[in-house]
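The values are calculated or read from the model by the stated rules, or taken from the named source; none is laboratory data. Because the structure is a prediction, the values reported are computed rather than measured. Because the Cβ atoms are built from the backbone with ideal geometry, glycine has one as well, and the counts that use them run over all protein chains shown.
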Amino acid sequence: MHLREYAAHDATGLSQLIRTRQVSAQEVRSVALQAIETLNPHLNALVETWHDEPAPQSGDFYGVPFLIKDLGIAAQGRRSELGSSLALGCSAEADSHLMRRLRRAGLMPLGRTTTPEFAASTTTESRLTGPTRNPWDVERSAGGSSGGSGAAVAAGMVPVAHATDGGGSIRVPASLCGLFGLKPSRGRVPMGPDVDEVWSGLAVHGVLTRTVRDSAALLDAVQGHAAGDPFQIPSPVISFLEQSRREPGALRIGVQTRPLDGQALHPAVQTALLETVRQIESLGHRVEEIEPNIGLSWESFVELNGRFWSSNTAAWIDAIAAATGRSIDATHLEPATLSLYQYGKTLSATDLLGALFERNVVARRLGSYFQRYDLLLSPTLPNLAPVVGQYNAQQEYLDGRGWMNQVFSQSPFTALANVIGAPAMSVPLSHDPQTGLPIGMQFMARFGDEGMLLALAGQLERALPWAGRHPRVWAGNL
């Protein structure tokens, strides 16, 4: 198998080649490692590559290469360092529930991908590993916090990679790297066994892929409650893969044209949104411009997220410092992370309860919205990919609340889905004609309705195929 052939196939296509014995799993693994070793020096998407993982035995994705993010998922005997010097050398004693399910699906893990320190950013430029670069323009960010996974999939190193999303961390790199990224509903994919919910329920697990069918089939493979989960969502009667193949019917879609913080969209993003509206109307959907009323001011919305982010990060840091014996200071933490830690340590139990109350306010308001509309459309991001170094330029001068303002101004559309626990996806429907950079569009559905999102995504992929668009750094060019 040549790299051009390998890069031309998504995970489903590779699994079919292996299953019909047109190529062996070992050959696919060898070519994937070649792609990683050749391209990673240009992108810095991987923390480490694994050459000694045992081959899977079976599964729908038997032998398909994939990567896990350096955060949120545990692989037995493998390091999990969260992009931080504080956790350097920490490793997992056992597979987490999700890792077991990914292995059971037959996926072949080949390494772990970069993440910003403690995932507290939407760019992947940690001090420990250095910046991860965008395959479309290596001077630009690949996004975050699943930026390494996004860069690796977009460049064709692997067809699929694990990702997490606590405020947009699947959808941001999907948008910036030209990928499909689905954030599932809260509770759809298990977080255990060591935790029940991450970031007080804001964070979920998912994957980044180049095709809708890969995301749908992998969600089928890993979804469902595990023993001890705090709650469970009923599994779909019809598989997510099958739903992605069906027409969604005429949907009622509200369009949010400006972020809640009032900032203007980049002209290319504005144009892309208008074109997306025209395209989905041509497919028979009813579209109406709306201004969501979430029941809170933008400042209060950022504050409630800040309380969740900082209190959970502080507890995380305390636990790792206790386990490693390392000091909680600038020796082991970046300025932004340390400021979040300090912010979190000032909060009381009643502060966190206040954030939970406000989360309920937002969820009830949006729940009412989704009784009138099927989906909410917006750009995934208001701007194009930032130049490497631009995002973090001021972090040493910001306190914890200031850092939250920075993060949320960069990604003001995405966190709403995390707060209410709803599924949302970024679809690579456009690009900037001047720079060639991808522009993703975000669709959000009511809680538990990933099937509707996947049906629309499949329809959009068939009508407006994006598979032929490749970045400058692309395994198929080797």
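Scanning the range 448-467 for residues that are farther than 15 Å from Leu429 by Cα and either aromatic (Phe, Trp, Tyr) or in a helix (DSSP H, G or I) (or both) yields a total of 4.
Test Thr129 against the criterion of being surrounded by fewer than 24 Cβ atoms within 10 Å (Cβ to Cβ) and in contact with a strand residue (DSSP E or B) (Cβ under 8 Å, 6 or more places away or on another chain), and give yes or no.
Working: surrounded by fewer than 24 Cβ atoms within 10 Å (Cβ to Cβ): yes; in contact with a strand residue (DSSP E or B) (Cβ under 8 Å, 6 or more places away or on another chain): yes.
Answer is yes for this residue.
Pairing each residue of the range 225-240 that is buried (at least 17 other Cβ atoms within 10 Å of the Cβ) with any residue that is part of a loop (DSSP other than H, G, I, E, B) and of a type in the set (S, T, N, Q), provided the two are 6+ apart or on different chains, yields C-beta distances under 7 Å for His225/Gln232; Ile233/Ser185.
So for the range 23-45 (the condition being charged (D, E, K, R), surrounded by fewer than 20 Cβ atoms within 10 Å (Cβ to Cβ) and not in a helix (DSSP H, G or I)), does at least one residue qualify? Scanning the range 23-45 turns up no residue that is charged (D, E, K, R), surrounded by fewer than 20 Cβ atoms within 10 Å (Cβ to Cβ) and not in a helix (DSSP H, G or I). The residues in the range 446-473 that are in contact with a Lys or Arg (Cβ under 9 Å, 6 or more places away or on another chain) and among the charged types (D, E, K, R) can be counted, and the count is 2. Among the residues making up the range 334-382, those that are without any contact (Cβ under 8 Å) to a residue 60 or more places away in the chain, touching a helix residue (DSSP H, G or I) at 6+ places or on another chain (Cβ under 8 Å) and either part of a loop (DSSP other than H, G, I, E, B) or small (Gly, Ala, Ser) (or both) are Gly344, Leu347, Gly354, Ala363.
Residue-wise test of (1) among the β-branched types (Val, Ile, Thr); (2) more than 21 Å from Thr12 (Cβ to Cβ); (3) surrounded by 23 or more Cβ atoms within 10 Å (Cβ to Cβ).
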| site | (1), (2), (3) |
| --- | --- |
| Trp136 | no, yes, yes |
| Leu176 | no, yes, yes |
| Pro193 | no, yes, no |
| Val198 | yes, yes, no |
| Gly201 | no, yes, no |
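Being surrounded by fewer than 13 Cβ atoms within 10 Å (Cβ to Cβ), over 18 Å from Ser426 (Cα atoms) and in contact (Cβ under 8 Å) with a residue 40 or more places away in the chain holds for only one residue in Glu281, Glu288, and it is Glu288.
Scanning the range 240-254 turns up no residue that is under 18 Å from Asp60 (Cα atoms) and in contact with a Phe, Trp or Tyr (Cβ under 7 Å, 6 or more places away or on another chain).
Looking at the structure I just gave you, is Val195 within 16 Å of Leu71 (Cα to Cα) and either at pLDDT below 95 or in a helix (DSSP H, G or I) (or both)? Explain how you work it out, then say what you get.
Numbers: within 16 Å of Leu71 (Cα to Cα): yes; either at pLDDT below 95 or in a helix (DSSP H, G or I) (or both): yes.
Yes, satisfied.
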